Amino acid sequence: MKAVSIERIVIGLGNPGQEYKDTPHNLGFRVVDVLAAQWRRVFKPGPGPFWWTSPSAKHQTVLVKPTTFMNRSGEAITQILERFPLPLDYLLVVCDDLQLPLGRIRLRCRGGDGGHKGLESIIFHLSSEEFARLRIGIGGGESPERWAEHVLSPISAENKSQLETSIHTTTEVVECWIRQGIDSAMNSYNAGNIL
């Protein structure tokens, strides 16, 4: 069988398990789930601590959900990049962000972890901050003592509709990043006109 080339890797961060499914910390999972449905792809266990949509001739972007739990996400990303040794600028990480207002979306080509344990783990394991990250604001960053409770509690009914809209927009950002690259996607979606 002819090997299929990989063009991009999109990693949605979250925690495995039904109890975390509807929490703000799992928005990264939700985004890649929606993309998989739109692309008619199916997640399956990968050759490492992650679920993935295996590449095909038609869909050469691999979608990934680490199964290591959020704080150890970097372990999964390391193994993905061992299998697909792409430059880091072909990698996009999608996650929630306490420091952004609810529903706001921000795409960056590099940067620190901003207090996000999943990004902290990835930066540590890659020894680099030079990878794109697409963050969905969940608010709540003004009370550090309640961060864990905020990210791991079910999304409230009043916030669910707004975050569903953000998830839909985030999938558009991912598609733009794949087709047109990071600069075009940032210019289109970081202008402050989202929600």
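The values are calculated or read from the model by the stated rules, or taken from the named source; none is laboratory data. The structure displayed is predicted, hence computed values, not measured ones. Ideal geometry is used to build each Cβ from the backbone, glycine not excepted, and the neighbour counts take in all protein chains shown.
Under 6 Å between Cβ atoms, at least 6 apart or on separate chains: pull out the pairs that start in the stretch 136-158 with a residue that is farther than 12 Å from Asp97 by Cα and end on any residue that is outside any helix (DSSP H, G or I) and not polar (S, T, N, Q).
Going by the 6 Å Cβ cut-off, the qualifying pairs are Pro154/Asp22; Ile155/Asp22.
Quick one: Leu100 ticks every box in (1) aliphatic (A, V, I, L, M); (2) modelled with pLDDT of 95 or more; (3) over 14 Å from the mean Cα position of the chain (by Cα) except a single one, so which number is it?
Evaluating Leu100 over (1) aliphatic (A, V, I, L, M); (2) modelled with pLDDT of 95 or more; (3) over 14 Å from the mean Cα position of the chain (by Cα) leaves (2) as the failure.
Can you find, within the stretch 107-131, the residue that is nearest to Thr170 (Cα to Cα) among those that are in contact (Cβ under 8 Å) with a residue 60 or more places away in the chain and surrounded by fewer than 20 Cβ atoms within 10 Å (Cβ to Cβ)?
Arg108
Can you tell which of Gly118, Gly74, Gly28 is touching a His at 6+ places or on another chain (Cβ under 6 Å), small (Gly, Ala, Ser), at pLDDT 95 or above and under 30 Å from Ser143 (Cα atoms)?
Gly74
Which one of the conditions (1) of a type in the set (Gly, Ala, Ser); (2) closer than 18 Å to Val174 by Cα; (3) at pLDDT below 95 does Gly12 fail to meet, given that it meets all the rest?
(3)
Please work out which residue is surrounded by the most Cβ atoms within 10 Å (Cβ to Cβ), limiting yourself to the stretch 15-73 and to residues that are in contact with a helix residue (DSSP H, G or I) (Cβ under 9 Å, 6 or more places away or on another chain) and among the hydroxyl-bearing types (Ser, Thr, Tyr).
Once the filter is applied, the top-ranked residue is Ser73.
Consider the stretch 32-59. How many of its residues are part of a strand (DSSP E or B) and closer than 21 Å to Arg135 by Cα?
3
So Gly46 passes all but one of these: (1) of a type in the set (Gly, Ala, Ser); (2) more than 16 Å from the chain's Cα centre (by Cα); (3) modelled with pLDDT of 95 or more. Which condition number does it fail?
(3)
Looking only at the stretch 12-30, count how many residues are part of a helix (DSSP H, G or I), within 16 Å of Ile77 (Cβ to Cβ) and either in contact (Cβ under 8 Å) with a residue 60 or more places away in the chain or of a type in the set (A, V, I, L, M) (or both). Walk me through how you get there before you give the answer.
Step one: of the stretch 12-30, the residues part of a helix (DSSP H, G or I) are 18-20, 24-30.
Narrowing further to those that are within 16 Å of Ile77 (Cβ to Cβ): 28-29.
Add one more test, that the residue is either in contact (Cβ under 8 Å) with a residue 60 or more places away in the chain or of a type in the set (A, V, I, L, M) (or both), and what stays is 28.
Residues in the stretch 12-30 being part of a helix (DSSP H, G or I), within 16 Å of Ile77 (Cβ to Cβ) and either in contact (Cβ under 8 Å) with a residue 60 or more places away in the chain or of a type in the set (A, V, I, L, M) (or both): 1 in total.
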